[in-house]
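Report on one structure; see the data block that follows.
Taken together, the values in this text are just the output of simple stated rules run on the coordinates, not laboratory data. These numbers were taken from a predicted model, which means no experiment stands behind them. Reconstructed Cβ throughout: ideal geometry from the backbone, glycine too, with neighbour counts over all protein chains shown.
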Amino acid sequence: VNLNDEVIVVEGEEWHEGVVGIVAARVARHHEKPCIVLSNNGEGILKGSGRSFGACDLFAITNSCRSHLEKFGGHQAAIGLSLRYESLEAFKKQLQLNYLEGNYIKEAVDPDIVGELHFKDISFDLTKLVQKYEPYGQGNPTPKFISKNVEILQADTMGKEGEHLRFSFTQDGIVMAGVQFKTREVYEVGSIVDVVYTVNENHFRGNVSLQLMVEKVIVK
């Protein structure tokens, strides 16, 4: 795997076809680049899925590589494909060239971030406004926000295997709770960070509180 490539291509042995799309989405989000994950079935055929990131039309740049592919389909944000193992290197080389020719602007942060918020602006009025435009999904992503220069007061693991984090953040004296799922990152209390999140109402034992569903923590 070359993480310096504009489109990350990951290839492995006999991965379950049902999980390659999930893995591709997570790698794309983590590295902020389009990603294709391929599984070798042991008979010389690679099958997999790809997920885009930012402005990249993954379908278009892969469609121009059809001469290297056995099967291919999808749309701008997600694709499925298969190819012979001996075509892999030529496919990867052509894919990188197609991306560069597309002149895609690299997104410094998640393109679904709709704006910067100060903690003082996070309220139940905001969550009601967000709920007004449900349901969210493909073509209508849940709006994300970023708050900058936030201090971490608490970052404790939770879950059976410590795979989730419970946060307490503060910004100019205003404290907000947050949760991040499926992460192994470690953060130091007192660190100044930027936080990317969606806003959630947490209902617990009859009480309702505001909570940040953390997507990314950017250490300053």
Problem - Cβ-based charge dipole, the chain, positive-most Cα from Gln138, Gly80, Phe204 - result: Phe204
Exercise for the section: Would you calculate a helix-derived [θ] at 222 nm for the chain, using -39,500 (n - 2.57) for each DSSP H run of n ≥ 4 and dividing by the full residue count, to the nearest 500? Expected result: -5500 deg cm²/dmol
Exercise for the section: Before anything else, pin down the relative contact order of the stretch 113-219: Cα pairs under 8 Å, at least 6 apart, normalised by residue count, whole percent. Expected result: 26
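Let me check I've understood the local charge: for Ser49, count other residues with C-beta under 13 angstrom from its C-beta, Lys and Arg +1, Asp and Glu -1. What total comes out? Kindly include the intermediate steps, with their values, before the conclusion.
Working: positive: Arg26, Lys47, Arg51, Lys71; negative: Glu11, Glu17.
Local net charge: +2.
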Fill in the blank from the handout: Quick P(r) readout (the stretch 79-205; Cα-Cα; 5 Å bins; whole %) gives 2, 8, 13, 16, 15, 13, 10, 8, 8, 4, 2, 0
Exercise for the section: Provide the three semi-axes, in whole Å and in decreasing order, of the ellipsoid equivalent to the chain as defined by the square roots of 5 times the Cα gyration tensor eigenvalues. Expected result: 37, 18, 16
Fill in the blank from the handout: Note, Cys65: beta-carbon cut-off 10 Å, +1 each Lys/Arg, -1 each Asp/Glu, net +3
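Quote the relative contact order of the chain in percent (integer), defining contacts as alpha-carbon pairs under 8 Å separated by 6+ residues.
On the way: 434 pairs, mean separation 27.2, N = 220.
Averaging sequence separation for qualifying contacts and normalising by length gives 12 percent for the chain.
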Exercise for the section: Excluding residues fewer than 8 places away in the same chain, name every one of the aspartates and glutamates whose C-alpha is closer than 12 Å to that of Lys92. Expected result: Asp5, Glu6, Glu11
Problem - the chain: angle of helix 88-101 to the longest principal axis, Cα-based, in degrees nearest 10 - result: 60
Handout entry: Cα-based helix-to-principal-axis angle, 20-31 vs the chain, degrees rounded to 10
Key = 60
Practice task
Collect residues whose amide H, placed 1.01 Å from N in the peptide plane, falls under 5 Å from the amide H of Gln154; neighbours closer than 5 in sequence don't count.
Solution key: Ser168
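Enter the per residue convex hull volume of the stretch 8-101, computed from alpha-carbon coordinates, in Å³ rounded to the nearest integer.
Working: hull volume 7.6 nm³, N = 94.
Output value, Cα hull per residue: 81 Å³.
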Exercise for the section: With springs connecting C-alpha atoms under 10 Å apart, model the chain as a Gaussian network and identify which of Val186, Val199, Val150 has the largest mean-square fluctuation. Expected result: Val186
